[in-house]
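The structure appears below as structure tokens.
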Amino acid sequence: MLDHGERFLNRDKNALDALLIYQLETLEHEALLPYVDLIRSRQSRDSAWFIAEGRWVVERLIASPHEVLSIVVGDQVTRSFVEKIPAGICTYRLPRELVSQLVGFEFHAGIIACGKRSPRRSLAQHDQALSQTPATIVVCPNTTLPDNMGSIIRVCTAFGACALVVGPLSVDPWSRRSIRVSMGNIFELPIIEPETPMELEAMLDELVQHYGFHLLAATGASNAVSLPMPRPADRIAILLGHEAHGIPKELIGKCHQKVSVPMSGSTDSLNVTHAASVLLYQFTRVSPTGPGKVSG
């Protein structure tokens, strides 16, 4: 059992009185456990928390509806950031070298936070977002690289996607790296996470039958419709494939159309993030409404 006494928690006399800011001179404190050796830790989707790092990402977390469990700052952190911390959030200040020792790598950002992970939610719990017109969602059945996942999240928010469905074979969208690459945009995007491949298939069926979504498979197949093309329906779901293996055949079979991005020369594929950007730009900016509708 770790000692929680005053020898670990010394009140920071220079902090604003309304804030719970404590100066730590040791890493032997239970509140720091979520931050230990982040470079080697592999949080699962069963984790009760997630980690956000860097000033801008943490500020977006603070501004979001997500609960902030704690914040760790290096001793170089500015007062302007401290003043943005809401009252009641426990904040621990450590010497810079101790922060690096804690997380397992040279940490220059100086600010890191632990947030409470929300429970998984069904499609019905996102009914308002899915029922809007027009509506665009992205589905990642098997995106396995956290950098790609984080970038896709950022692209989704940039082009107004109303939700992201992340299949069970994909990397955890709430992983530290994914959140960092998303620049905190994950905090404003509804994330729907089916627990099994069978549940993912059932969700796609529900999107079609209950919400009226038109499913598009992004693929380089020869029989795919090449951009530019009109938006095929008011509500569309764009399926993006694995970085190397594409979309599972059983999911392609559920899609109404295959769509591809035209390329020149010997290039036969794009990074999944780049493909997502082009497709979302086409369907939310160039052709933002369904067939027969007047854009803009």
ask   = Going through region 50-65 one residue at a time, which ones are at negative phi and buried (at least 19 other Cβ atoms within 10 Å of the Cβ)?
value = Phe50, Ile51, Ala52, Glu53, Val57, Val58, Arg60, Leu61, Ile62
query = Pick from region 148-170 the residues that are of a type outside the set (S, T, N, Q), over 20 Å from Phe213 (Cα atoms) and touching an Asp or Glu at 6+ places or on another chain (Cβ under 9 Å): which of them is most open to solvent (accessible area, probe 1.4 Å)?
reply = Pro168
task = Tell me which residues, restricted to region 242-253, are touching a Ser or Thr at 6+ places or on another chain (Cβ under 8 Å) and modelled with pLDDT under 95.
result = His242, Glu243, Gly246
request  = Kindly indicate whether Arg176 is under 30 Å from Val103 (Cα atoms) and open to solvent by 40 Å² or more (accessible area, probe 1.4 Å).
outcome  = yes
query = Is it fair to say Val138 is under 29 Å from Leu38 (Cα atoms) and either surrounded by 17 or more Cβ atoms within 10 Å (Cβ to Cβ) or modelled with pLDDT of 95 or more (or both)?
reply = yes
ask   = Give me the pairs: first residue in region 200-222 and touching a residue at least 24 places away in the same chain (Cβ under 8 Å) and within 15 Å of Pro134 (Cα to Cα), second residue open to solvent by less than 50 Å² (accessible area, probe 1.4 Å) and of a type in the set (Phe, Trp, Tyr), beta-carbon distance under 8 Å, and six or more apart or on different chains, which are they?
value = Leu207/Phe213
remark   = Only unsatisfied item for Gln128, checking (1) part of a loop (DSSP other than H, G, I, E, B); (2) more than 27 Å from Thr78 (Cα to Cα), is (1)
request  = Filter region 66-86 down to the residues that are assigned to a helix (DSSP H, G or I) and either open to solvent by less than 40 Å² (accessible area, probe 1.4 Å) or touching a residue at least 40 places away in the same chain (Cβ under 8 Å) (or both), then identify the one that is farthest from Ile153 (Cα to Cα).
outcome  = Val82
Search result, residues across region 107-133 that are open to solvent by less than 60 Å² (accessible area, probe 1.4 Å) and in contact with a Gly (Cβ under 9 Å, 6 or more places away or on another chain) = Phe107, Ala109, Gly110, Ile111, Ile112
Entirely in region 202-296, the strands (runs of 3 or more DSSP E) that have 3 or more residues that are open to solvent by less than 30 Å² (accessible area, probe 1.4 Å) and aliphatic (A, V, I, L, M) = 214-218, 235-239
note = Checked pairs for region 142-162, first in contact (Cβ under 8 Å) with a residue 40 or more places away in the chain and within 14 Å of Glu188 (Cβ to Cβ), second open to solvent by 30 Å² or more (accessible area, probe 1.4 Å) and part of a helix (DSSP H, G or I), C-beta under 6 Å and 6 or more apart or across chains, list as Val155/Ser277
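The values are calculated or read from the model by the stated rules, or taken from the named source; none is laboratory data. This one's a predicted model, so the numbers in the text were calculated from it and none came from an experiment. Cβ: placed from backbone, ideal geometry, glycine included. Neighbour counts: every protein chain shown. Just the protein is used for accessible areas: all its heavy atoms, side chains included, with ligands, DNA and RNA removed. Shrake-Rupley method; radii C 1.70, N 1.55, O 1.52, S 1.80 Å.
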